[in-house]
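Below you'll find the structure, written out as structure tokens, and then a few comments.
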Amino acid sequence: MAGSGTIYELRNWMYMHRDANGRVTKEYLAGLETFMHQADSTPLAQESGKMFCPCRKCNNSKLANRENVWKHLINRGFTPNYYIWFQHGEGYNYDQNEASSSNSNFQEEPVNHHLHNEHSYHQEEMVDYDRVHDMVADAFVAHDEDEEPNIDAKKFYGMLNAANQPLYSGCREGLSKLSLAARMMNIKTDHNLPESCMNEWADLFKEYLPEDNVSADSYYEIQKLVYSLGLPSEMIDVCIDNCMIYWGDDEKLEACRFCKKPRFKPQGRGLNRVPYQRMWYLPITDRLKRLYQSEQTAANMRWHAEHTQTDGEMTHPSDARAWKHFNKVHPDFASNSRNVYLGLCTDGFNPFGMSGRQYSLWPVFLTPYNLPPEMCMQRELLFLTILIPGPNHPKRSLDVFLQPLIKELKDLWSTGVRTYDCSTKTNFTMRAMLLWTISDFPAYGMLSGWTTHGRLACPYCNGTTDAFQLKNGRKTSWFDCHRRFLPIGHPYRRNKNLFRHKRVVRDTSPPYLTGEQIEAQIDYYGANETVRWGGNWHVPRNMPDSYGVHHNWHKKSIFWELPCWKDLLLRHNLDVMHIEKNFFENIMNTILNVPGKTKDNIKSRLDLPDICSRSELHIKSNGQVPVPIFRLSSEKKSVLFNWVASEVKFPDGYVSNLSRCVEKGQKFSGMKSHDCHVFMQRLLPFAFAELLPTNVHEALAGS
């Protein structure tokens, strides 16, 4: 190199260091780290921690921290003709002619391999080269050189073109064999039509369309056409007691390894044997590859790294501290904006509705967070990955069904998969990671391994909870457990009347536990992996020591097998809609005094004198129970229900017909989570303004 202090154009350095396969070598990354080291030495970087970003988009016009500059240069490359970093402490005495002269002579000079040895320690800190070699080459490929799709992409595009041939000569644009097959599959699913009916419809279309039509003539042909697009699904046999799945090394077993119950029903022989239970698994890799093979989503998959964030606002998960923390811990993953960030959610439901049949079906969904907010939650971008069969609740055996998904996520993290990006016409190595889970509170316990009921139900308080049991209600109460989270000098900490009477709070909030600390705690108490102990079969035989006394770990979650799980700042999220529905029902049942549902009952009144200074609500010596100010009279109930049934109007499709949710003028029933959300957000702020005292209404409305 000419001069130890001269910084040369990044792509020239890249082209000087390619191996026989055209991939970028380690010397290139060492050179890039040298450039960053030079920029860090400028007065601006040392004083403010920021520098001008020389990427193609920022063009030395925006200040950014070192991490963002590194990421921009990985994904976008240097701004054209910026061969000497004259805005980063290099070559201030050069004019533009000298800079151009230096660049024109660059390729004739020998490569200084000593640079690689001198800065090799930077390589070990910044990047795991064995794992991201292909990824770095992909990030720096010239955008003006289109690549041919890889073999899988070519096969997919070939089948897609063949299936998209016109349905018949002269038909309207957009009508194809594939579009008709997809429409018929949707109709079958929406209306639960039998295969015989689909065969009749296929025959009808074949007969009435012009003679040269290419429509499928049977439901079997429709299935073959859709399946040929390369989105596979698997049916995996499951033990009747959810002890294990017959998958991987256990695929050929005839009986459960734990409960010893048979795999197949007595009837049937050979390939016709019927298992007692099956689960459905839809691999995620091919679906993620489709996002980059579609022109509608490929470019948007980089949105999370390219959008502009407003300080103090969070419009997307990528603006959150948890996302940024992960990128800081794993810069090699974050350096390629086409790597995929996933969220997992699950919940159980009864597919038979209110028919009375008891059945618990658990779907598991994955959604990619790379996309803009308006696309993340679209129905077609929520990928059904696992369907856990009923009729029994999976309980603690949920991890048994997650095994195929966890294995696939580990492969996507460690090695990735070659993918064609149609927006840049390049092939790259796509990797993926699971950022967090989303569920209601009971499912939180199934996913995390921390039991969410009992005195130690709060996973954040862990074993240091202030919860107590009510003497008469015989339930666990977390009343007044929140004051420990206030600042030490807050006056509420010393208040003995507004909360639990005669109690001053001096405890501090529970310490935040890192991933390593949580995993060490799980191992210390001996929580087992349910996959190795047979799902629900080991309960309660092998519960961890001190369970329910010092901790609530009933298992070690399968998510700890993911290499990056311990590095996450936030692992599990609670679904706000479920919590909001529970709040709404408890508030309304108490205000309306619904028998058996209200929280203001005789047992709560008996417990009140030991907890609060609310003498006006205490049961009197003659046994009389005072009427609280937050309870509606019969006349006011009628006013509320008549108003909801006849005067409240919403646009079509905004909410259910609330008049149908009024049961005999006494209570609300049959309201879904979204209905409760709309009532809480749109009606509650003024619904009780004239029905309840001002102080009660303001407390409910949150004003």
Please verify whether Ser613 is of a type in the set (Gly, Ala, Ser) and within 30 Å of Arg503 (Cα to Cα), treating the condition exactly as stated. yes
Within segment 616-657, residues within 39 Å of the chain's Cα centre (by Cα) and of a type outside the set (Phe, Trp, Tyr) come out as Val644, Ala645, Val648, Lys649, Pro651, Asp652, Gly653, Val655, Ser656, Asn657
Over segment 417-432, the set of residues surrounded by fewer than 21 Cβ atoms within 10 Å (Cβ to Cβ) and not in a strand (DSSP E or B) is Cys422, Ser423, Thr424, Lys425
Could you identify the single residue in Asp332, Asp286 that is farther than 27 Å from Ile386 by Cβ, of a type in the set (Asp, Glu) and surrounded by 16 or more Cβ atoms within 10 Å (Cβ to Cβ)? Asp332
Scan (1) modelled with pLDDT of 90 or more; (2) in a loop (DSSP other than H, G, I, E, B); (3) touching a helix residue (DSSP H, G or I) at 6+ places or on another chain (Cβ under 9 Å) for the single condition Glu519 breaks and write down its number. (2)
Segment 232-264, residues that are on the phi > 0 side of the Ramachandran plot, touching a residue at least 12 places away in the same chain (Cβ under 8 Å) and in a loop (DSSP other than H, G, I, E, B): Asn242
Inside segment 586-609, can you point out the residues that are open to solvent by 50 Å² or more (accessible area, probe 1.4 Å), without any contact (Cβ under 8 Å) to a residue 24 or more places away in the chain and of a type in the set (D, E, K, R)? Lys599
So which of Arg506, Arg500 ends up being open to solvent by 80 Å² or more (accessible area, probe 1.4 Å), outside any helix (DSSP H, G or I) and touching a residue at least 12 places away in the same chain (Cβ under 8 Å)? Arg506
Which numbered condition trips up Met588, out of (1) more than 26 Å from Asp347 (Cα to Cα); (2) among the hydrophobic types (A, V, I, L, M, F, W, C); (3) part of a helix (DSSP H, G or I)? (1)
Taking segment 170-186 and keeping only residues that are open to solvent by 60 Å² or more (accessible area, probe 1.4 Å) and closer than 19 Å to Tyr227 by Cα, one is left with Lys177, Arg183, Asn186
Taking the residues in segment 438-489 that are of a type in the set (Asp, Glu) and either open to solvent by 20 Å² or more (accessible area, probe 1.4 Å) or touching a strand residue (DSSP E or B) at 6+ places or on another chain (Cβ under 7 Å) (or both) as candidates, determine which candidate is nearest to Leu409 (Cα to Cα). Asp440
Would you mind telling me which numbered condition in (1) out of contact with any Ser or Thr (no Cβ under 8 Å at 6 or more places or on another chain); (2) more than 21 Å from Pro563 (Cβ to Cβ); (3) open to solvent by less than 10 Å² (accessible area, probe 1.4 Å) Leu435 fails? (2)
Would you confirm whether or not segment 146-169 contains a residue that is assigned to a loop (DSSP other than H, G, I, E, B), at pLDDT below 90, over 39 Å from the mean Cα position of the chain (by Cα) and surrounded by 14 or more Cβ atoms within 10 Å (Cβ to Cβ)? yes
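The values are calculated or read from the model by the stated rules, or taken from the named source; none is laboratory data. It should be emphasised that the depicted structure is a prediction, and the values quoted were computed from it without experimental measurement. Using ideal geometry, Cβ is built from the backbone for each residue, glycine included, and neighbour counts are taken over all protein chains shown. Heavy atoms of the whole protein, side chains included, go into the accessibility calculation; ligands, DNA and RNA do not. Shrake-Rupley method; radii C 1.70, N 1.55, O 1.52, S 1.80 Å.
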